[in-house]
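Please read the structure below before turning to the comments.
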Amino acid sequence: MEVHVSRTVSRFRSPLAFLAGAALLVPLALAGAEPAAAGEFRVTALEFTVRAGDRSCTVDADLYRPAGADAEHPAPAVLATNGFGGSKSDGTTDALGRAFASRGYVSLVYSGLGFGRSGCLITLDAPDIDGKAASGLIDFLAGTRAADDGTTADYVLIDGPGDPRVGMIGGSYGGAVQLATAATDHRVDALVPLVTWNDLAYALAPNATDARDGVSSATPGVFKWQWTNGFYLIGEGQPLLVPSLDPSRFNRLTCAHFATRACDAIRLLNSGRFPADRTRETLTYLRGVSPASYLTGVTAPTLLVQGQADSLFNLNEATATYRALLARGTTAKMIWQAWGHSGGHVPGELDLAAGNLETSYVGQRVLAWFDRYLRQDEGTDTGPAFAYYRDWESGYGTAATVPAPTRTLYLSGDGTLVDRRSEVAAGSRAYTNRPLPTSHSESSLAGLIGLRDPAPYDTKGTYLGWISSPLTAPLDVVGAPRATLRVHSPATERVQDSGDAADRLVLFAKVYDVAPDGRQTLVNRLVAPVRVPDVTRPFTVELPGIVHRYGTGHRLRFVIAGSDTAYFGNRGLRTVTVVSAPGDTGVLELPVTG
């Protein structure tokens, strides 16, 4: 089926699409020479039969061919797919095809495996399945295979035999698949993954301590039950969203639509029990389908865009990917924009509905990235290595690298945060968690179903807090704060070596901004869930990255709590005591700029 269209972009959004990440697939237009008939293109629906693991299934795609692109005038190509729960025609993914084709790019957008009218199971962007399927579509762009109806492409710019000039762009689930594809198919020339993950084990069950590689911890984390089960229900609810599913979409062994190992991982997390063997197997699987395990194979220049307001995939995940790519020698740059899975849209930021692609900072950076690596305009400036949105100043701040902690505050026994170790008062304080959560950071799904999310809170007796003196000048924090703690919990000591990680102590670290009138703000509602490896030893917590100005007269309040409504908590009651003395106390380190 072919349709002739002019340059138009759908701006449909829905709560479900936003949850699924589909609304985060931003249709970014590309600078450069227009095709002969500016803005016009032809859309052709295509199907491709691919082999995905032990199954053969159909991939549903749309090819956007710009006017003037032919064998004598080939154009570079852009490949994109949907966020979790979306499809090639979800109103955002199709906008990618339109935006690029209207700028003279051959665009191929497709429904990811297990979504829309594409077949096969949901395999969480596994490189050997989802990545391999995308590689098959690159074969089509290279002219070495045809679509199922015999359609071929001889109008894509070729760098060598079987090697098309192709970039990839997309967000969330459509972001990780780019890295999964590029890790094994080095024909990909440029990547722009937006708001995606580094390690699904960290994203779904984070542990903010004991990291051995990037964000990946050797100790099982704390289950993020709201986000995880929201996506699980979207996946399992596919028959309600897409009638008459391809038979290859069904798993008759465990879950209806997820691959068996993905289903097993979700069930283990929901069980609340983490026996060593099964937990190790689950972590290995989740990391095996995550960039954390295969970034050494990615050579394509990569522009990472991550959202500050994102409790699903926080800034630390993008930072881990960024550092791993640089260590491998891959060209990479990173932007921390305002919005992510948790909202955070602000005026002037990249916004599909507003159509501000050429006028927004992030939009301009993406245009330059593809201009440089797909148009191969070597004179294009792709911008600074690291940039971050600041809500207290117009525009973005920039730096050569992500700032490291530079200012240290000490946890005093009287509940204050002090600037010098000598100011620490000796003392001890304790809290006890309760059977039900008594602290709240966010309701991950509240806004999506029209509910008001209560302000963050902590219940007396179930947390400890330390508060600083009022600031005499603004304090700008850019990056991930870090805390080093020692806690005492006799009840935990007795059971933490049981062989079930669920018996180890769970706590949640966070930093509030307290205004002069006493009102407090938890920046982007972010917390650091911790499963303490050994309560007899000190441990260091890497809190989620933030970009925030603590104003003059404001105070910082560091809190550790026994629970959080968005996560599973402790098994049984645990009393936790923190002892402070000038020679032995906890510290809070802040990455301060300016």
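The values are calculated or read from the model by the stated rules, or taken from the named source; none is laboratory data. Quick caveat, the model's predicted, so the values are computed rather than measured. So basically every Cβ, Gly included, is an ideal-geometry build from the backbone, and we count neighbours across all protein chains shown.
Just to be sure before I move on: is P347 in a loop (DSSP other than H, G, I, E, B) and in contact (Cβ under 8 Å) with a residue 12 or more places away in the chain in the structure I sent? Show your work before the answer.
Working: in a loop (DSSP other than H, G, I, E, B): yes; in contact (Cβ under 8 Å) with a residue 12 or more places away in the chain: no.
So P347 does not fit the description; no.
Does G230 satisfy the condition of being out of contact with any Cys (no Cβ under 6 Å at 6 or more places or on another chain) and modelled with pLDDT of 95 or more? Lay out the reasoning, then the answer.
Working: out of contact with any Cys (no Cβ under 6 Å at 6 or more places or on another chain): yes; modelled with pLDDT of 95 or more: no.
Spelling it out, it is not the case that G230 is out of contact with any Cys (no Cβ under 6 Å at 6 or more places or on another chain) and modelled with pLDDT of 95 or more.
Pick from G85, G104: which is in contact with a strand residue (DSSP E or B) (Cβ under 7 Å, 6 or more places away or on another chain) and either touching a residue at least 40 places away in the same chain (Cβ under 8 Å) or within 24 Å of A183 (Cα to Cα) (or both)?
Just a single option satisfies the conditions, and that option is G104.
How many of the residues in region 299-337 are closer than 22 Å to F370 by Cβ, aliphatic (A, V, I, L, M), more than 9 Å from the chain's Cα centre (by Cα) and not in a strand (DSSP E or B)?
Summing the residues that are closer than 22 Å to F370 by Cβ, aliphatic (A, V, I, L, M), more than 9 Å from the chain's Cα centre (by Cα) and not in a strand (DSSP E or B) in region 299-337 gives 3.
I need the strands (runs of 3 or more DSSP E) fully contained in region 357-432, keeping only those with at least 2 residues that are more than 30 Å from the chain's Cα centre (by Cα) and surrounded by 18 or more Cβ atoms within 10 Å (Cβ to Cβ).
Counting at least 2 such residues, we get 407-411.
Hey, any hits in region 71-85 for a residue that's modelled with pLDDT under 85, assigned to a loop (DSSP other than H, G, I, E, B) and in contact with a Gly (Cβ under 7 Å, 6 or more places away or on another chain)?
Going through region 71-85, the residues modelled with pLDDT under 85 turn out to be none.
Scanning region 71-85, I find no residue that is modelled with pLDDT under 85, assigned to a loop (DSSP other than H, G, I, E, B) and in contact with a Gly (Cβ under 7 Å, 6 or more places away or on another chain), so the answer is no.
For region 211-250, give me each residue that is of a type in the set (G, A, S) and part of a helix (DSSP H, G or I).
Residues satisfying the conditions are G230, G235, S248.
From the list A180, A147, A190, A208, pick out the single residue that is assigned to a helix (DSSP H, G or I) and small (G, A, S).
A180
Suppose we filter S444, S422 for residues that are touching a helix residue (DSSP H, G or I) at 6+ places or on another chain (Cβ under 6 Å), among the hydroxyl-bearing types (S, T, Y) and in the same structural domain as R525 (by TED's automatic domain parsing); which single one remains?
S444
Could you check how many residues of region 494-514 are in contact (Cβ under 8 Å) with a residue 24 or more places away in the chain and loosely packed, with under 15 Cβ neighbours inside 10 Å?
1
Residues Y155, Y105: which one is surrounded by 24 or more Cβ atoms within 10 Å (Cβ to Cβ) and among the hydroxyl-bearing types (S, T, Y)?
Values: Y155 fails: surrounded by 24 or more Cβ atoms within 10 Å (Cβ to Cβ).
Within the list Y155, Y105, the selection yields Y105.
Within region 562-575, work out how many residues are within 23 Å of A480 (Cβ to Cβ) and either more than 25 Å from the chain's Cα centre (by Cα) or outside the structural domain of V530 (by TED's automatic domain parsing) (or both).
1
Within region 111-134, how many residues are closer than 16 Å to L46 by Cα and surrounded by fewer than 23 Cβ atoms within 10 Å (Cβ to Cβ)?
1
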